[in-house]
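First the structure, in the form of structure tokens, and then the observations on it.
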Amino acid sequence: MKILAIETSCDDTCAAVLNNTSVLSNVISSQTDLHAKWGGVVPDIAKRAHSENIEPVISEALKKAFNISKKENVTDYIDEGMKSIDAIAVTLGPGLAIALGIGVNKAKELAKKYNKKLIAVNHVEGHILANFTKNKFGKPHREIKFPALAMTVSGGHTKLFMMEEIGKYTLIGETLDDAAGEALDKAAKMMGLGYPGGPIIERLALNGNSDWLKLPRPLANQKNFDYSFSGLKTSFYYQIKDWPKEKIAEKMSDLAASYQKAVFDSLIVKFKRAINFYMPTSLLASGGVLANQELRKELRKVSKEMNIPIFMPVKKELNTDNAAMIGTAGYYKALRNEFVEDIDSLDRDPRAQL
Ligand code: KG4
Ligand code: ZN
């Protein structure tokens with residue numbers, strides 16, 4: 001089955017083409033530079049950029065997937081490419097409403113114009129199922145056994161699920177305030193660094209002492225699987241707020257390492273607690289923050305210690321927002337015959353729950 005997937009839930013305009021779960025093309029038009037000077041995602045800017053980019057990105061994905069020879073314009077590539085597509089998958093939510101709307105409307109328009117089936121995908125399920133996405137050679141070959149414990153850590157979500165099988169999830173824990181990626185982004189902003197802060201903090205932390213600044217691990221001792229990062233952020237803020245710029249600059253690596261460690265410790269503590277409680281057969285982790293090598297190392301340690309295999313998307317672009325993961329989730333929904341029944345009445349769902 002050939003699927004065109006569209007993802008516009010935040011600040012990246014993404015389209016991908018998959019053959020079942022194998023990626024034929026995965027195009028991402030990042031808006032990072034547009035938002036960077038504001039220190040975060042500005043909804044109006046995101047909306048405009050998505051509107052401008054959506055057609056070129058879809059056209060590029062189809063062109064790459066099917067090796068379409070040179071055409072006059074974007075519409076001609078889409079006309080040609082859509083002939084080979086069986087279904088369209090689109091992110092319905094959760095995410096930024098006006099951003100989601102652009103992708104959902106385009107998917108509806110294409111589904112009607114070219115008479116294709118439409119699949120509505122939950123963004124968080126997309127992140128989880130990025131672990132099932134393969135390249136065009138069918139790699140990596142993974143035998144993921146259930147029940148699995150799945151952790152998704154991004155700029156918008158920090159969630160733990162028990163997964164009985166593909167399509168069956170029970171939310172067992174989540175952040176009560178900020179997401180882990182958001183917590184990293186906010187700390188970077190406090191230190192006068194760029195956006196997104198996660199990768200910058202990772203780089204700085206490489207040369208820092210993670211025990212240098214004493215920071216709390218909120219909820220660490222509570223016997224649940226929830227997270228909280230706002231107390232950590234506040235503690236960090238009060239500790240450095242009166243520091244002169246020069247001192248922050250001088251201690252930047254130690255600050256980054258200490259803060260990153262506090263965020264990751266919180267993630268690991270609850271991950272371990274959930275493993276001990278639910279005894280899963282596999283571990284899955286995904287989301288933008290999983291682009292971080294230190295977190296991946298810590299998670300691999302847990303996997304080894306507990307003797308349970310862990311799976312994380314190998315490629316960076318399958319961890320951060322992308323449409324290939326939406327196509328993968330869409331494929332499994334198609335197998336279950338979960339298509340949109342009434343295309344006209346389909347609406348974005350910014351608060352969608354999995
Ligand atoms: O999954 P994603 O692209 O978008 C959401 O669904 O939110 O995640 C973006 C988040 C941002 O907070 C960003 O700072 C974080 O992922 N991130 C990282 C790294 N790369 C991206 N955090 C830590 N280390 C990284 N290398
Ligand atoms: Zn995401």
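Observations, loosely collected:
- Residue pairs meeting the criteria (Cβ under 6 Å; at least 6 apart or on separate chains; first at pLDDT 95 or above and of a type in the set (A, V, I, L, M, F, W, C), in the stretch 244-263; second crowded, with 17+ Cβ neighbours inside 10 Å and in a helix (DSSP H, G or I)): Met252/Leu204; Ala256/Ile201; Ala256/Leu204; Ala256/Ala205; Ala257/Ala205; Ala262/Leu232; Val263/Ala180; Val263/Ala183
- Residue within the stretch 264-273 that is within 16 Å of ligand 1 (Cβ to nearest atom), of a type in the set (A, V, I, L, M), at pLDDT below 95 and at negative phi present: no
- Some residue of the stretch 31-50 being charged (D, E, K, R) and either more than 23 Å from Gly288 (Cβ to Cβ) or modelled with pLDDT of 90 or more (or both): yes
- Selection of the stretch 246-299 for residues being outside any helix (DSSP H, G or I) and either of a type in the set (Asp, Glu) or closer than 17 Å to Leu193 by Cβ (or both) yields only Asn292.
- Just one of the listed residues (Ala257, Ala180, Ala220) is aliphatic (A, V, I, L, M) and within 18 Å of the chain's Cα centre (by Cα), namely Ala180.
- Search result, residues across the stretch 16-42 that are in contact (Cβ under 8 Å) with a residue 24 or more places away in the chain, of a type in the set (A, V, I, L, M), touching a helix residue (DSSP H, G or I) at 6+ places or on another chain (Cβ under 8 Å) and not in a strand (DSSP E or B): Val41
- Within the stretch 276-293, residues that are without any contact (Cβ under 8 Å) to a residue 60 or more places away in the chain have Cβ atoms under 6 Å from residues that are within 12 Å of ligand 1 (Cβ to nearest atom) and open to solvent by less than 10 Å² (accessible area, probe 1.4 Å) in no pair, counting only partners at least 6 apart in sequence or on another chain.
- On inspection, Lys304 qualifies as more than 24 Å from Ala183 (Cα to Cα), away from ligand 2 (no atom under 16 Å from the Cβ) and surrounded by fewer than 23 Cβ atoms within 10 Å (Cβ to Cβ).
- Scoring Phe137 on the criteria (1) under 19 Å from Lys315 (Cβ atoms); (2) within 15 Å of ligand 2 (Cβ to nearest atom) leaves a single failure, condition (2).
- Candidates Leu346, Leu335, filtered to the one that is surrounded by fewer than 14 Cβ atoms within 10 Å (Cβ to Cβ), more than 27 Å from Ala274 (Cα to Cα) and either in contact with a strand residue (DSSP E or B) (Cβ under 6 Å, 6 or more places away or on another chain) or not small (Gly, Ala, Ser) (or both): Leu335
- Every residue from the stretch 178-214 that is of a type in the set (Asp, Glu), without any contact (Cβ under 8 Å) to a residue 60 or more places away in the chain and away from ligand 2 (no atom under 16 Å from the Cβ): Asp211
- Within the stretch 202-238, the set of residues being under 21 Å from Lys159 (Cβ atoms) and either in a helix (DSSP H, G or I) or open to solvent by less than 30 Å² (accessible area, probe 1.4 Å) (or both) comprises Pro218, Ala220, Phe225, Tyr227, Ser228, Phe229, Ser230, Gly231, Leu232, Lys233.
- Leading residue by the ranking (farthest from Leu283 (Cα to Cα)) among those in the stretch 141-159 that are more than 16 Å from ligand 1 (Cβ to nearest atom) and in contact with a strand residue (DSSP E or B) (Cβ under 7 Å, 6 or more places away or on another chain): Arg142
- The residue of the stretch 117-140 that is nearest to ligand 1 (Cβ to nearest atom), among those that are assigned to a strand (DSSP E or B) and of a type in the set (Lys, Arg), is Lys134.
- From Ser69, Ser59, Ser29, residue being surrounded by 21 or more Cβ atoms within 10 Å (Cβ to Cβ) and assigned by TED's automatic domain parsing to the domain that holds Gly327: Ser59
- Residue list for the stretch 117-163, filter: of a type in the set (D, E, K, R) and surrounded by 19 or more Cβ atoms within 10 Å (Cβ to Cβ): Glu125, Lys159
The values are calculated or read from the model by the stated rules, or taken from the named source; none is laboratory data. Computed from a predicted model, the values in this text were never measured in an experiment. FYI the Cβ positions are ideal-geometry reconstructions off the backbone, even for glycines, and counts take in every protein chain you see. The accessibility values were calculated without ligands, DNA or RNA, using every heavy atom of the protein model including side chains. Shrake-Rupley method; radii C 1.70, N 1.55, O 1.52, S 1.80 Å.
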